[in-house]
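The values are calculated or read from the model by the stated rules, or taken from the named source; none is laboratory data. Worth saying up front: this structure is predicted, and the values here are computed from it rather than measured. Note that we place each Cβ from the backbone using ideal geometry, even for glycine, and neighbour counts take in every protein chain shown.
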Amino acid sequence: LESQLRHAQKMEALGTLAGGIAHDFNNILAAIIGFTELAVEGHQEGQVNPADLKQVLRSAERARELVRQILAFSRQTEAELRPMDLNKQLGQTVELLKCTLPKMISVETILSGDAPLVLANNNQIEQLLLNLANNARDAMPEGGRLIFETESAMLDDEFCQHHVGLEPGAYVLLKVSDTGHGMDAKTLSRMYDPFFSTKEVGRGTGLGMSTVYGIVKGHRGHISCYSEPGRGTIFRVYLPVSPAGQEGASGELPTQINGPG
Ligand code: ADP
């Protein structure tokens, strides 16, 4: 019953998604067409304005980001989990972020030297990191610091009793902090809802944190958030350590997490 319910919710979400996204997409296409026309006219008059081409590029980049978010949202549940070095994945994503985030945002890492392998899907972890980073970026329009930390952690019986489906044991903690504008209580309570967004129309899909939440649950992990308006936000993501002995290679069958359908 629960999985049927989740399926129905997902179908409803996809319906809303199609409507909202089609609208956003149309706006992006309108911009691409408009600025391309300007560039073509400019070309005929012997002078293309580079600013028009930059607008085309910016719009195309927004379309690409929108598609990434939709794909990450719809692929939340079909993941193969394998033993994975979180620090390594984080290193790769941080390199990417250093190129793509505005220069006023400093991206920093504090990596645990001895973090064990986690049982995870590297694509999903990348999507999770990108979604958290995008929100941190949007919360720091004047710049600031985005800090990724990893450390070994234990979750005990008492903690897990309060969180359905969470097993006591060894985890790796990923901490993502920003010095942005933070969230008020109302935003905090709705943040993980699909389509909830405080951003202006066309800027936010409201899918990012819902995807992050789904990915963490699919990994049998845990996420918590601490935020102070005007000061910043800290996300803590706990991912279960891979069972001892599995070192990733050598023909081990991956653990399969099945979707709700
Ligand atoms: P979107 O980014 O498209 O608005 P998300 O689901 O990713 O959708 O986020 C939902 C909302 O949560 C955002 O609109 C924002 O208000 C809030 N939020 C998420 N992360 C942060 C953050 N690091 N700092 C401030 N607000 C945040």
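For Leu29, which of the numbered conditions (1) part of a helix (DSSP H, G or I); (2) surrounded by 12 or more Cβ atoms within 10 Å (Cβ to Cβ); (3) at pLDDT below 85 fails to hold?
(3)
Can you name the residue in the stretch 121-149 that is at pLDDT below 95 and touching a strand residue (DSSP E or B) at 6+ places or on another chain (Cβ under 7 Å) and, of all such residues, is surrounded by the fewest Cβ atoms within 10 Å (Cβ to Cβ)?
The selected residue is Asn122.
So which residues in the stretch 67-102 are among the basic types (Lys, Arg) and either within 16 Å of the ligand (Cβ to nearest atom) or in contact (Cβ under 8 Å) with a residue 40 or more places away in the chain (or both), if there are any at all?
Keep residues of the stretch 67-102 that are among the basic types (Lys, Arg), which gives 68, 75, 82, 88, 98.
Matches in the stretch 67-102: Arg68, Arg75, Arg82.
Can you say whether Arg203 is over 23 Å from Leu66 (Cα atoms) and modelled with pLDDT under 95, as far as the supplied structure shows?
Values: over 23 Å from Leu66 (Cα atoms): no; modelled with pLDDT under 95: yes.
No: the conditions fail for Arg203.
Hey, Glu95 hits all of (1) part of a helix (DSSP H, G or I); (2) touching a strand residue (DSSP E or B) at 6+ places or on another chain (Cβ under 6 Å) but one; which does it fall short on?
Result: Glu95 fails condition (2) only.
Those residues that are near the ligand (Cβ under 9 Å from one of its atoms) and either small (Gly, Ala, Ser) or in a strand (DSSP E or B) (or both), I need them from the stretch 208-233; list them, please.
If the condition is that a residue be near the ligand (Cβ under 9 Å from one of its atoms) and either small (Gly, Ala, Ser) or in a strand (DSSP E or B) (or both), then Gly208, Ser210, Cys225, Ser227, Gly232, Thr233 are the ones that fit.
Among the residues of the stretch 171-196, count how many are within 6 Å of the ligand (Cβ to nearest atom) and surrounded by fewer than 18 Cβ atoms within 10 Å (Cβ to Cβ).
Final tally of qualifying residues: 2.
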